[in-house]
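I have placed the structure first, in the form of structure tokens, so that the comments after it can refer back to it.
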Amino acid sequence: MGLIVKRKGMLLIISGPSGTGKGTLVKKLMGSDPSISFSCSVTTRAPRVGEIEGVHYHFIDDAMYDRMLSEDAFLEHATVHGHRYGTPRAQVECNLACGKNVLLDIDPQGALSVMSRVSDYVSVFILPPSFSALRVRLHTRNTDDPIEIERRLRNARREVLNIDRYQYAVINDDLDLAFSQLQSIVNAEKQRTTRFCPTILED
């Protein structure tokens, strides 16, 4: 008796307000699960300290962004905190067609846009334990000025109102616990019969 296993690619959307630690969770997930391919977004903002071209983002200018818009090259695109972001369509569709799992680490505006355009996805919303804790994290990160931090906090209060649009929610208060919960979601969704297609052969 033999077994044939076919898998369909999973589109995994991880989103949440700025400063919730979703980037850290994504990094841990990518490091622990080789079946997941990271979709590198493009942005018109300047790189932050430590960010690497082609790893964290593709950093492009407005002219290139406009050209991609005109060519309908984005799965989703949005202006967030005054900067433009987009997810290249071809890269995502190619990986999914090859049976690979694709992870999108995108802001809530972009996540809702993708969720409205595709039918098969797994969406996870990362929450802070409180808005006061989020304020501390944004200050501790020390990458934005006070005006930018206040803008991100205002956006976060609005973004959490859409939590019911997502399939799962994870509160990132304890990083190890949050990561364990995220892994459980991903592992369970891999075994969903719409993606996991085992066939047992007769002798």
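The values are calculated or read from the model by the stated rules, or taken from the named source; none is laboratory data. Note that the coordinates shown come from a computational prediction; the quantities given were computed from them, not determined experimentally. Quick reminder, even Gly has a Cβ in these numbers, built from the backbone with ideal geometry, and neighbours come from all protein chains shown.
Give the residue that is surrounded by the most Cβ atoms within 10 Å (Cβ to Cβ), with candidates limited to residues of the range 66-91 that are of a type in the set (Ser, Thr, Tyr) and within 20 Å of Asn155 (Cβ to Cβ).
Going through the qualifying residues, I end up with Thr87.
Considering only residues of the range 79-101 that are under 23 Å from Ile163 (Cβ atoms) and under 15 Å from the mean Cα position of the chain (by Cα), which is modelled with the lowest pLDDT?
Out of the qualifying residues, it is Val80.
Please determine, by comparing only the residues of the range 1-11 that are touching an Asp or Glu at 6+ places or on another chain (Cβ under 8 Å) and at pLDDT 90 or above, which one is farthest from Ile149 (Cα to Cα).
If we take residues in the range 1-11 being touching an Asp or Glu at 6+ places or on another chain (Cβ under 8 Å) and at pLDDT 90 or above, then Met10 is farthest from Ile149 (Cα to Cα).
Is it fair to say Asn187 is over 30 Å from Gly99 (Cα atoms) and assigned to a helix (DSSP H, G or I)? Don't jump to the end; show me each part of the working.
Details: over 30 Å from Gly99 (Cα atoms): no; assigned to a helix (DSSP H, G or I): yes.
No; evaluated as a whole, the condition is false for this residue.
Among the residues of the range 163-189 satisfying the criterion of being among the polar types (S, T, N, Q) and surrounded by 15 or more Cβ atoms within 10 Å (Cβ to Cβ), which is nearest to Met10 (Cα to Cα)?
Gln183
How many residues does the range 41-65 contain that are surrounded by 13 or more Cβ atoms within 10 Å (Cβ to Cβ) and either farther than 26 Å from Glu150 by Cα or of a type outside the set (Ser, Thr, Tyr) (or both)? Steps first, please.
First pass over the range 41-65, keeping only residues surrounded by 13 or more Cβ atoms within 10 Å (Cβ to Cβ): 41-45, 51, 56-60, 64-65.
If we keep only those that are either farther than 26 Å from Glu150 by Cα or of a type outside the set (Ser, Thr, Tyr) (or both) as well, we get 42, 45, 51, 56, 58-60, 64-65.
The number of residues fulfilling the criteria is 9.
Taking Arg192 and the conditions (1) surrounded by fewer than 17 Cβ atoms within 10 Å (Cβ to Cβ); (2) more than 18 Å from the chain's Cα centre (by Cα); (3) touching a residue at least 60 places away in the same chain (Cβ under 8 Å), which numbered condition does it fall short on, given that it satisfies the others?
Unmet for Arg192, out of (1) surrounded by fewer than 17 Cβ atoms within 10 Å (Cβ to Cβ); (2) more than 18 Å from the chain's Cα centre (by Cα); (3) touching a residue at least 60 places away in the same chain (Cβ under 8 Å): (3).
Considering only residues of the range 122-148 that are crowded, with 19+ Cβ neighbours inside 10 Å and not small (Gly, Ala, Ser), which is farthest from Arg192 (Cα to Cα)?
Among residues in the range 122-148 that are crowded, with 19+ Cβ neighbours inside 10 Å and not small (Gly, Ala, Ser), the one farthest from Arg192 (Cα to Cα) is Leu138.
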